[in-house]
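Heads up: the structure comes next, in C-alpha cells.
The values are calculated or read from the model by the stated rules, or taken from the named source; none is laboratory data. The structure displayed is predicted, hence computed values, not measured ones. Reconstructed Cβ throughout: ideal geometry from the backbone, glycine too, with neighbour counts over all protein chains shown.
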Amino acid sequence: MKGVFMNAIQIENLIRDYGGGKGVFDVSFHVDHGEAFGFLGPNGAGKTTTIRHLMGFIRPQSGKCTIDGIDCWSGRDKVQARLGYIPGEISFFDDISGTEFLKFLEEYRRIGTCSRKAELLERFELDPTGRIKKMSKGTKQKLGIVAAFMHDPDILILDEPTSGLDPLMQSRFVNLVAEEKEHGKTILMSSHMFEEVERTCDRIGIIRKGRMIAVDSAAALHERHTRSYTVTLENETAAEAFAADFDGVRSGIRVTVAAKQSLEEIFMNYYGGDKNDQHDII
C-alpha cells in the first residue's frame with residue numbers, strides 16, 4: 001500500500017461551514033509516509049474539525065480527505081481500523097474498568113499476541129484495573145495513549161495527546177513519538193506544546209479562522225522568521241570579542257547578530273496582531 005500512494009494523509013480543498021465564520025475553509029495539506037506533521041492553531045481555529053473529517057466522523061461539504069488513498073467518509077470503517085487515534089476530548093465506557101476496555105479493543109482489532117499493551121502500561125506507569133469513571137484526567141489520557149498505540153498502527157492521528165499529563169509523562173510521550181517516527185510511522189499531531197512539536201515534527205501547519213496560513217518545514221519557518229540586530233561597539237577589539245561570543249558578523253566596530261525565533265514566537269507573529277483571536281492554543 002505504501003508504495004502505491006504518494007501521501008499517507010491527503011486533505012484537498014476541505015470545506016465545512018458552520019456559519020458565523022466557524023468551520024474550515026478550503027483547507028489543503030498532506031502528510032507523507034514516515035513524516036511527522038505538527039498542526040497548530042488556537043481554540044476554534046479548525047484543528048479538531050479537520051481531524052474529525054480524517055476520522056470519518058464528519059462528511060465534507062466540499063473537498064476530500066483520504067488515508068492511504070481511501071476516502072475518509074465512504075471508507076471510514078477501513079480508515080478507522082488502520083489508525084491509532086487520540087481524540088481531543090477522550091470519552092470511554094465509564095462503567096467498565098480500564099483493563100476491560102483494553103481487552104475489548106484487543107478483541108475488536110484482533111490484535112492477539114501482537115499487542116504492545118504491556119510495554120505501554122509499564123512505560124506510562126498505568127494500572128488499568130480501576131473503573132474508568134473514577135480515573136483522573138491524566139490517567140484517562142494515559143489509557144487513551146495505550147489504546148492508540150497498542151496495535152502498532154502505521155498512521156497515528158493525535159489531537160492534544162499530552163493534555164492532562166504531568167511533565168514526566170509528557171516527556172515519555174514525546175520520546176515515544178520520536179521512536180515511532182524513527183520506525184517509519186506517519187504522525188499527524190495537534191498540540192499546544194510547542195516544544196514537543198519542535199522535537200518531533202518534520203513540517204508544521206498553522207491554521208487560523210479555518211484557513212491554513214502556513215505549511216512548511218520547521219527549519220524553513222525558523223529561517224523565514226530570523227531577526228537581525230546590529231550593535232556598535234567601542235573599538236574593533238571589543239567588536240571582535242562580541243562577534244565571537246554571539247556568532248555575529250563584524251564590520252569594523254559594528255557587529256550583526258541573527259536571532260532565530262522560537263516556534264512559539266513564530267506562532268504569535270501570525271496571531272498576535274488580531275485582538276479577536278484566542279491565544280490559548282489548546
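Miscellaneous remarks
- Segment 106-135: number of residues that are crowded, with 17+ Cβ neighbours inside 10 Å and either in a loop (DSSP other than H, G, I, E, B) or of a type in the set (A, V, I, L, M) (or both): 8
- Qualifying residue in segment 165-176 (condition: crowded, with 21+ Cβ neighbours inside 10 Å, closer than 23 Å to Val79 by Cα and touching a residue at least 12 places away in the same chain (Cβ under 8 Å)): no
- Segment 245-258 residues that are outside any strand (DSSP E or B), paired with ones that are exposed (fewer than 12 other Cβ atoms within 10 Å of the Cβ) and polar (S, T, N, Q) (beta carbon under 8 Å, 6 or more apart): Ile253/Thr232; Ile253/Asn235
- Within segment 50-84, being in contact (Cβ under 8 Å) with a residue 40 or more places away in the chain and of a type in the set (Val, Ile, Thr) holds for Thr50, Ile51, Ile58, Thr66, Ile67.
- Taken over segment 85-131, residues that are farther than 18 Å from Gln170 by Cα and either in contact (Cβ under 8 Å) with a residue 40 or more places away in the chain or not assigned by TED's automatic domain parsing to the domain that holds His151 (or both) amount to 8.
- No other residue among Phe29, Phe57 is in contact with a strand residue (DSSP E or B) (Cβ under 9 Å, 6 or more places away or on another chain) and either in a strand (DSSP E or B) or farther than 25 Å from Glu264 by Cβ (or both) apart from Phe29.
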